[in-house]
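**Q** Sending over a structure as structure tokens; questions will come in a sec.
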Amino acid sequence: MTARTATVSRRTAETSIDITLDLDGTGKFVTDTGVGFLDHMLSHIAKHGVFDLDVRCKGDLWIDQHHTVEDIGIALGEALAQALGDKAGLVRAGSAYMPLDETLAFCAIDLSGRPFAKLDLKLLGREIGGLPPDLFNHFLESFAFAAKLNLHVRVLEGVNDHHKIEAAFKAMARALDAAVRVDPRRGGDIPSTKGTI
């Protein structure tokens, strides 16, 4: 099997981002985005997806965190799409529940090539780790569209917004882990009746 890795560099007037991703890693991560809570969530993607992930960003945080969060979502989605290649032999879809104390989150993913994000995080409108709650939706939408995947994330139970976001990211990581696995029964076949994804 060829290496399922990617390196993405994204340069704009607002951010400078370098990402490396190895889908067949061990959960190692380096996250240096200038946004502590985002680093925390990215580390969960690596650890619970069992990916090796290195994300470094210099963004215009003197304005706010919007461009940094959005552009990292885009670059991470591009890295995932690059690492997956033509998606031959993949399981393709995955889902996971993730509890965290009083919170329960669910995520379903289809690496369909058709980008869509349906999100229901049930956030209360307060900042979480210094981030406005709408940026979590924006990150997930940007990631899904850049990766060309179908993403559904729902918080089913919860009170604490930190727990809700963390459970959602862990559920997404575990759903990704399931979806990107290679199914040896496929013999390298594309997992679609159309013959392409």
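**Q** From the cross-link list K47/K118; K170/K194; K28/K170; K122/K194; K28/K194, which pairs have alpha carbons spaced over 26 Å apart?
**A** K170/K194; K122/K194; K28/K194
**Q** Compute the distance from the alpha-carbon center of the stretch 93-151 to that of the stretch 1-79, in whole Å.
**A** For the stretch 93-151 versus the stretch 1-79, the Cα centre distance is 16 Å.
**Q** Hey, in the GNM for the chain with a 10 angstrom Cα cutoff, which one of R11, R154, R174 fluctuates hardest?
**A** Result: R11 has the largest fluctuation of those listed.
**Q** Further question on the same structure: Please give me the summed charge of the neighbours of T5: other residues whose Cβ is under 9 Å from its Cβ, Lys and Arg +1, Asp and Glu -1.
**A** Charge balance in the 9 Å sphere: -2.
**Q** Still on this structure: For the pair R181 and K58, how long in nm is the line joining their label points, each one 7 Å along Cα→Cβ?
**A** Calculated label separation equals 4.1 nm.
**Q** Below 8 Å between Cα atoms, with a sequence gap of 6+, how large is the relative contact order for the stretch 81-197 in percent?
**A** 44 percent
**Q** Between L156 and T5, what length comes free when the chain is fully extended (0.36 nm per residue of separation minus the Cα-Cα distance, one decimal in nm)?
**A** Separation in residues times 0.36 nm, less the Cα-Cα distance, equals 51.0 nm.
**Q** Does a label point 7 Å from the Cα of D18, set along Cα-to-beta-carbon, have any residues of the stretch 55-76 with amide nitrogen under 13 Å, and which are they?
**A** Only 55-58 pass the distance filter.
Where a number appears in this text, it was derived from the coordinates with a stated rule and is not lab data. As the structure is a computational prediction, the values presented were derived from the model and not from experiment. In this analysis, Cβ positions are derived from the backbone assuming ideal geometry, glycine residues included, and neighbour counts consider all displayed protein chains.
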